[in-house]
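Presented below is the structure to which this report refers.
The values are calculated or read from the model by the stated rules, or taken from the named source; none is laboratory data. Small disclaimer: the values here were computed from a predicted structure and weren't measured. In this analysis, Cβ positions are derived from the backbone assuming ideal geometry, glycine residues included, and neighbour counts consider all displayed protein chains.
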Amino acid sequence: MTQYFRNTSMESASTILMPGRRPGGLRPGALLAAGLVACSALAQDNRPATGLTQSVLDQEIKRVEREVDNIEKQALAEWRALPINSSTRMNQVRILGKLLLFDKNLSVNKNEACSFCHMPDTDFTGPISILNETTVSYPGSVRSRFGHRKPQSYTYAPFFPVLLYNASQQDFYGGNFFDLRATGYKLQNPAAEQAQDPPVDPNEMGIIQTVDLSRVWLEVCR
């Protein structure tokens, strides 16, 4: 990992972890994903019917975007000041995670980072009160499209084990997402599996290059 960091120009998390991109064309998997997302874009907007004032919501969205940008700048400054050697490996990983979490380039319109729905000052869940009191779900990179559920807090997510059946409780335990669909079975880490879903969800970050995003998250997991 240290060598990988040393040889990479670090201007944003999306440029760090997408080696081998083809400027002249998309891979077959990415073309398929592009077709699927294009079809989904033809669907009607799923903006919830509430009494929200759009101008107030727009102001709150801009506020969170500014906060995200500021934290991303802080993370880039931390990276540039960090000596790259074996004694800083933990900080390398920590800063990489911070850059990924606050990088808006990982969304289709380059306007929504993961942290838009998971800000640190609200215990890594949704930071917009008027949404928490009404829709509960949050708008995606296409602002007229909303997610389906309330954003979960990140605080304890990394500590959940792979989904298993607890015989003594006669119930399932572990996994991530409210419906536990990020079981952790493939990667043996529910949090790592959960992180792969929002970037390619058309109602959330909505990016079309699923093949490249898989490379991003797998690099992090390694």
Search the stretch 159-179 for residues being under 20 Å from R149 (Cβ atoms) and part of a loop (DSSP other than H, G, I, E, B), and hand back the single one that is nearest to the chain's Cα centre (by Cα). F177
Of D197, D212, the only residue that is surrounded by 18 or more Cβ atoms within 10 Å (Cβ to Cβ) and at pLDDT below 85 is D212
Yes or no: P83 more than 26 Å from G174 (Cβ to Cβ) and crowded, with 20+ Cβ neighbours inside 10 Å? no
